[in-house]
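Quick notes on the structure that follows.
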Amino acid sequence: MAATLPVVEQFHSLQGEGAHAGRSAFFIRLASCKVRCSWCDTKDSWSEDNFPKETVLNLSRSVANARLNGAEFVVITGGEPLHHNLNPLCNKIREITTTKENKSIPIHLETSGVDQISGNPNWITLSPKKHAPPCIQLIKACQELKVVIHEKDDLAFAEKIANKTRKFKSPLFFLQPGWNNETGRKLAYEYVKSNPKWRLSMQTHKWLKVL
Ligand code: SF4
């Protein structure tokens, strides 16, 4: 039987957040999340029952097509994408997007880090949550640490996880204010000003009113 995954949406847009903000990317948003953050802005993605299953072949063809139209990388997000085994999807994306002229398209993953890695992504954005801390494998492997800030305690949590990552290889550090959260905006702004190892990440796709 063909490998399938529950898909909330797939679309070609610009990456809005973090180190790759402003770049053309194809997004695959997978359903299912047991992390259940109270402030989650994609609660509809928590249950996979509400979404159609797509074959990894069709998803990979969409990625290849988006690449022809300018996408520089694919972002697998959620929900919590690592609730699924991503090996079949990532293997197929690599197979379909590798040509004589081009290497396979880079695969980026956005995860809370509660599960083990699959899919061998080229870039991992770890977005850890206080109530569901990430596993050590993700702390070791991430290229980017992005912590959402709503209240003062979130800054202490951000530093705690940053210190753990430094024992391995130090990723890029981002603080991202919660959407429509004035306290988070002020806290992140002031903190980055006086702690320059951190950078500010804004959800520019929301300001631009694009997906
Ligand atoms: S991990 Fe992400 S998708 Fe899951 S509840 Fe938290 S913010 Fe929402």
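Can you tell me the length gained on complete extension of the stretch ARG23 to ALA2, counting 0.36 nm per residue apart and subtracting the Cα distance?
4.4 nm
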Please report the antiparallel percentage of DSSP beta bridges with both residues in the stretch 122-211, rounded to the nearest 5.
10
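I need to check one value: relative contact order of the chain, counting alpha carbon pairs closer than 8 Å and at least 6 residues apart, in percent.
Numbers: 427 pairs, mean separation 36.0, N = 211.
Relative contact order for the chain comes out at 17 percent.
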What 222 nm value per residue comes from the helices of the chain, counting each DSSP H run with n ≥ 4 as -39,500 (n - 2.57) and dividing by all residues, nearest 500 deg cm²/dmol?
-8500 deg cm²/dmol
Taking the DSSP beta bridges in the chain as the whole, what percent of them are antiparallel, to the nearest 5?
30
Report the full-extension gain for the segment TRP207 to ASN69: residue separation times 0.36 nm, less the Cα-Cα distance, to one decimal in nm.
47.3 nm
Counting only DSSP beta bridges with both partners in the stretch 1-106, the antiparallel fraction in percent, to the nearest 5, comes to 65
Percentage relative contact order, the stretch 106-188, counting C-alpha pairs under 8 Å, at least six apart:
25
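Size of the dipole of the stretch 4-207 about the Cα centre, Lys and Arg at +1 and Asp and Glu at -1 on the beta carbon, nothing else charged, in debye to 20?
660
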One would report the Cα pair-distance distribution of the stretch 4-207, bin width 10 Å, in %, as 9, 35, 37, 16, 3, 0
Hand me the trypsin sites (Lys or Arg not before Pro) from the stretch 45-101 located in a DSSP loop with no more than 10 other Cβ atoms within 10 Å, in residue order please.
LYS100
Which whole DSSP H helices in the chain pass both tests: a Cα extent of 20 Å or more along the axis and a mean Kyte-Doolittle value no lower than -1.0?
152-166
Among CYS37, CYS90, CYS142, CYS135, rank each residue by its count of other Cβ atoms within 10 Å, from fewest to most, as a rough exposure measure.
CYS135, CYS37, CYS90, CYS142
Cross-link reach list, aspartates and glutamates versus LYS167, counting only Cα pairs under 14 Å and skipping chain neighbours closer than eight places
GLU159
Isolated cysteines for the chain, Cβ-Cβ cutoff 4.7 Å, are CYS33, CYS90, CYS135, CYS142
Which pairs break 18 Å Cα to Cα here: LYS53/LYS103; LYS130/LYS164; LYS92/LYS169; LYS152/LYS193; LYS129/LYS186; LYS43/LYS129?
LYS53/LYS103; LYS92/LYS169; LYS129/LYS186
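Values in this text are rule-based calculations from the coordinates and carry no lab data. Since the model is a prediction, treat every value here as computed from it, not as a measurement. Glycine gets a Cβ as well: all are built from the backbone with ideal geometry, and neighbour counts include every protein chain shown.
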